[in-house]
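The values are calculated or read from the model by the stated rules, or taken from the named source; none is laboratory data. It should be emphasised that the depicted structure is a prediction, and the values quoted were computed from it without experimental measurement. In this analysis, Cβ positions are derived from the backbone assuming ideal geometry, glycine residues included, and neighbour counts consider all displayed protein chains. Side chains included, ligands, DNA and RNA excluded: accessible areas come from the protein's heavy atoms. Shrake-Rupley method; radii C 1.70, N 1.55, O 1.52, S 1.80 Å.
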Amino acid sequence: MSSSTQTTQALRPDRKKSRLHLDIIGLGIAVVMVFPVYWLIISALRPNHEIRSYDQTLWPTSITFDNFVRATEQQNFVTAIQSSLIVAVTAVVGGMIIATLAALAIGRFRFFGRKALVLIMILVQMLPPTAMLIPIYAQLNAMGGVDEYWGLIVVYLVSTLPFATIMIRGFVVNIPVELEESAMVDGCTRFQAFRRVIFPLLAPGLAAASIFALVNAWNEYLFAYILINDNSKYTLNVWLMTFTTERGTDYGALMAASTMIALPVVVFFMIIQKKMAAGLTSGAVKG
């Protein structure tokens, strides 16, 4: 047996041991991340008297669905769903249209200030939302956008534009210009070439960017709380405040409502997670 083979065999136990340590660390991180979600669901199924008890257990002694019933019977439940759908869907659709046009302009054309524009979009992503809260509120208040759906929609749309534009641009630069030129030689206009050739190839990038925009608009709380004061226009995340009153907090119904709000997003992610991962990696290969 050669010395190199002996050395390799000697290193294998160390590699297995280090891999085992990494697996244990990964499992520990996964447990820490999943435990709050588990506790949320378990709390939604506990009776209220057990939630308020000091002797909490990892599994409820009894399971009840009364918390979910009280959550659905809470005032403005239906209007909160309607508000969230209006704001989220409009912001996502509008954001994807504008981001696609901007990505095509940046990826296909050479114009003065193109690199500066990309740099500004990256820098904007680094700013915390709280730093822009006061100027955004002052501007929307002067324009009459406070307590209006369109004001919140504009905020969500603009906040997702830089990331979505940069992501979609990664797909645009990977599509050969010759495909578009060939379609135009065959008689297509520029718009027809985009619709028939470019758009199908951009679909994975648009899906990944729209998922990011949807999660951002669906789960956002701070701007919705500041910009919307009408109870009938509360989004779901702001509507959760109604479970806290002067008499206390209905924790069971609050946990049940939080579970119902989070469940559609979780299910949606489980369905499209492979497509989303493919879209994220495909757009980052080149450009």
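Averaged per residue, what accessible surface does the chain expose to a 1.4 Å probe, in Å²? Mind showing how you got there, number by number?
Values: 17610 Å² over 287 residues.
Spelled out: the 1.4 Å probe surface of the chain, per residue, equals 61 Å².
3J(HN,Hα) along the stretch 85-100: 5, 4, 5, 5, 5, 5, 5, 5, 4, x, x, 5, 5, 5, 5, 5 Hz, from the Karplus curve 6.51 cos²θ - 1.76 cosθ + 1.60 with θ = phi - 60°, whole Hz, x for Gly and Pro. Taking θ as phi - 60° and the Karplus parameters 6.51, -1.76 and 1.60, the scalar couplings of the stretch 235-244 work out to 7, 4, 5, 6, 4, 4, 5, 5, 7, 9 Hz in sequence order, x denoting glycine and proline.
Here's how it looks for R52: its modeled amide H is under 5 Å from none belonging to a residue 5 or more places away or on a different chain.
Report, to the nearest whole %, how much of the accessible area of the chain belongs to carbon and sulfur atoms, 1.4 Å probe, protein only. Walk me through the numbers on the way to the answer.
Numbers: 12020 of 17610 Å².
Taking all protein chains in place, the chain shows 68 percent carbon and sulfur surface.
3J(HN,Hα) couplings calculated from phi for the stretch 31-45 with the Karplus curve 6.51 cos²θ - 1.76 cosθ + 1.60 (θ = phi - 60°) are, in sequence order, 5, 5, 6, 7, 4, x, 5, 4, 5, 4, 5, 5, 5, 5, 9 Hz; Gly and Pro show x. Of E148, E246, E181, the residue with the largest accessible area leads and the full order is E246, E181, E148 (1.4 Å probe).
Ignoring the sites themselves, the chain has its longest run without chymotrypsin sites (Phe, Trp or Tyr not before Pro) in a DSSP loop having at most 11 other Cβ atoms within 10 Å at 113-287. The 1.4 Å probe gives accessible areas that order D66, D55, largest first, as D55, D66.
Taking trypsin sites (Lys or Arg not before Pro) across the stretch 172-274, the ones in a DSSP loop with at most 15 further Cβ atoms lying within 10 angstrom of their Cβ are R247.
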